[in-house]
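So the structure is just underneath, and the comments pick up after that.
The values are calculated or read from the model by the stated rules, or taken from the named source; none is laboratory data. As the structure is a prediction and not an experimental result, all values here were calculated from the model. Cβ sites come from the backbone with ideal geometry, for glycine too, and all protein chains shown count toward neighbours. Protein only, heavy atoms only, side chains kept; ligands, DNA and RNA dropped before computing areas. Shrake-Rupley method; radii C 1.70, N 1.55, O 1.52, S 1.80 Å.
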Amino acid sequence: MNKKLAAALSGCAVLVLALSGCGSSEDENTVDDWAKKYCDQAKAQFKSKAEAEQLIRSTATDGKPADIQAADSKAFQDLADANKAFAAAFKSAGTSPAEEDAELVKAAVAEREANAKSYLDLKKQMDGLDVQDQQTFADGLKGVADGLAKVEENESAWNKLRDSETGRAMAKQQGCKPVKVVTPPKSGGASGSTAP
C-alpha cells in the first residue's frame with residue numbers, strides 16, 4: 001500500500017513539475033505571440049519609415065527649392081503616418097504579457113503619437129517656405145532641419161522598450177527587423193542624415 005501511495009505521490013510531483021515547466025514556457029511564448037502580433041502589423045511601417053528617411057537624405061540641398069519642398073513634405077507626411085501606425089499597432093497588440101513592460105509600451109505609444117504630430121508640424125513648416133527666393137528658402141530650411149533633429153532625438157521610450165523582455169521578443173520577429181533602403185548617397189535635404 002505504501003509503495004502505491006509513494007508511486008502516486010511521485011507521479012503527482014512529476015505532473016506538477018511538468019505543468020510548471022509548461023507554464024513558464026507558455027509565458028515566454030505569450031510574449032513572443034504579443035511581439036509577433038505587433039511586428040506583423042508594424043512591418044510595412046518600418047519600410048515606409050526607412051524610405052521616407054532615405055528620401056530626406058537623398059534630396060540634394062543645392063537642388064531646386066520646389067523639388068526639395070515637395071520631397072521633404074512627402075517624407076514628413078509618410079513619417080507622420082508611420083508613427084501613427086506604430087502607435088496603433090501597439091494599441092492593437094494590447095498589454096504586453098511581461099507585466100513590468102506595460103508602462104514602457106504605453107510610453108512608446110505616447111512617444112510615437114507625439115512624433116507623428118511633430119512630423120506633421122514639420123510638413124506644414126516645409127510647405128510654408130517661400131520657394132521663389134533661394135536665400136529665404138535656405139534660411140527656412142535650416143529651421144526645418146533643427147526641428148527634424150529634435151524629433152529624431154525623441155526616441156528614449158522606444159530605446160527603453162527595446163532593452164526590455166518585450167523588446168527582445170520584438171527583435172526576434174521578422175516584421176520588426178531593421179529595413180535598409182539602398183540608394184546612392186547624396187547631399188541631404190532638410191537634415192542630411194536621420195536616425196536609423
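The single condition among (1) touching a Phe, Trp or Tyr at 6+ places or on another chain (Cβ under 7 Å); (2) under 21 Å from K43 (Cβ atoms); (3) touching a residue at least 24 places away in the same chain (Cβ under 8 Å) that P65 does not meet is (2). For the stretch 51-94, what are the residues that are among the basic types (K, R) and either assigned to a helix (DSSP H, G or I) or crowded, with 21+ Cβ neighbours inside 10 Å (or both)? Across the stretch 51-94, the qualifying residues are R57, K74, K84, K91. Please work out if K3 is modelled with pLDDT under 95, within 14 Å of the chain's Cα centre (by Cα), basic (K, R) and part of a helix (DSSP H, G or I). No: the conditions fail for K3. Taking the stretch 119-153 as the range and being within 23 Å of D81 (Cβ to Cβ) and of a type in the set (A, V, I, L, M, F, W, C) as the test, the residues that pass are L120, L122, M126, L129, L141, V144, A145, L148, A149, V151. Apart from one condition, K124 fits all of (1) farther than 30 Å from V31 by Cα; (2) at pLDDT below 95; the exception is (2).
Taken over the stretch 38-85, the criterion of being farther than 21 Å from A108 by Cα and of a type in the set (A, V, I, L, M, F, W, C) is satisfied by L55, I56, A60, A66, I68, A70, A71, A75. Scan the stretch 95-106 for residues that are open to solvent by 40 Å² or more (accessible area, probe 1.4 Å) and aliphatic (A, V, I, L, M) and report the count. Qualifying residue count, the stretch 95-106: 1.
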